[in-house]
1. At most 12 other Cβ atoms within 10 Å and a DSSP loop assignment: could you name the trypsin sites (Lys or Arg not before Pro) in the range 67-112 that fit?
2. Over 16 Å, how big is the tail of the calculated P(r) for the chain, in percent of all Cα pairs?
3. If I model a spin label as a point 7 Å beyond the Cα along the Cα-Cβ vector, how far apart are those points for Leu11 and Ser62 in nm?
4. At 1.4 Å probe radius, can you tell me the per residue accessible area of the range 11-105 in Å²?
5. Please enumerate, by chain and number, the aspartates and glutamates with C-alpha under 12 Å from the C-alpha of Lys75, excluding those fewer than 8 residues away in the same chain.
6. Taking every DSSP beta bridge with both residues inside the chain, roughly what % is antiparallel (nearest 5)?
7. Assigning unit charges at the beta carbon (Lys, Arg +1; Asp, Glu -1) and nothing else, what dipole magnitude in debye, to the nearest 20, does the chain show about its Cα centre?
8. Starting from one equal scatterer on each C-alpha and no solvent at all, send me the Debye-based log10 I(q)/I(0) for the range 51-91 at q = 0.19, 0.25 Å⁻¹, two decimals.
Amino acid sequence: QVQLVESGGGLVEAGGSLRLSCAASERIFGINAMGWYRQAPGKQRELVADIIRGGSRNYADSVQGRFTIFRDNAKNTVYLQMNSLKPEDTAVYYCNAVQNTMNYWGKGTLVTVSS
């Protein structure tokens, strides 16, 4: 079972940056895919970005060009660099890992962007 721990959330002004980290309990090299999702109040959880084992990345249209997902296999950590943050980016951000047919989730980290 993969355990995921997120960190790096907080309060930031619009236009600012944050970097989220997701530390995995085992080697991420062997994990099929890892990604970041977010859930704003009253809304469904949505994919923000993910990175597949082969290295390809996918982004939601709303964050394309502002957010970057990358990983450090040596540290078993996946990051989400968030630049040019907007108030609509405010949400709880969750780390996700897909291994074989199993989905694993972290507990989430809150990102609040003030206008």
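1. On the way: sites: Arg71, Lys75, Lys107; in loops: Lys107.
Of the trypsin sites (Lys or Arg not before Pro), the ones in loops of the range 67-112 whose Cβ has at most 12 other Cβ atoms within 10 Å are Lys107.
2. Numbers: 3598 of 6555 pairs.
More than 16 Å apart: 55 percent of the Cα pairs in the chain.
3. The answer from the label model is 2.2 nm.
4. Working: 5040 Å² over 95 residues.
It amounts to 53 Å² per residue over the range 11-105.
5. By straight Cα distance, Lys75 reaches Glu26.
6. Details: 39 of 43 bridges.
In the chain, approximately 90 percent of DSSP beta bridges are antiparallel ones.
7. On the way: 12 positive and 9 negative charges, 37 e Å.
The dipole of the chain has a size of about 180 debye.
8. These q points yield log10 I(q)/I(0) values of -0.63, -0.92.
The values are calculated or read from the model by the stated rules, or taken from the named source; none is laboratory data. These numbers come from a predicted model, not from an experiment. Positions of Cβ are generated from backbone atoms using ideal geometry, with glycine treated the same way; all protein chains shown enter the neighbour counts. When the accessible area is computed, the model is the full protein with side chains, heavy atoms only, and any ligands, DNA or RNA have been set aside. Shrake-Rupley method; radii C 1.70, N 1.55, O 1.52, S 1.80 Å.
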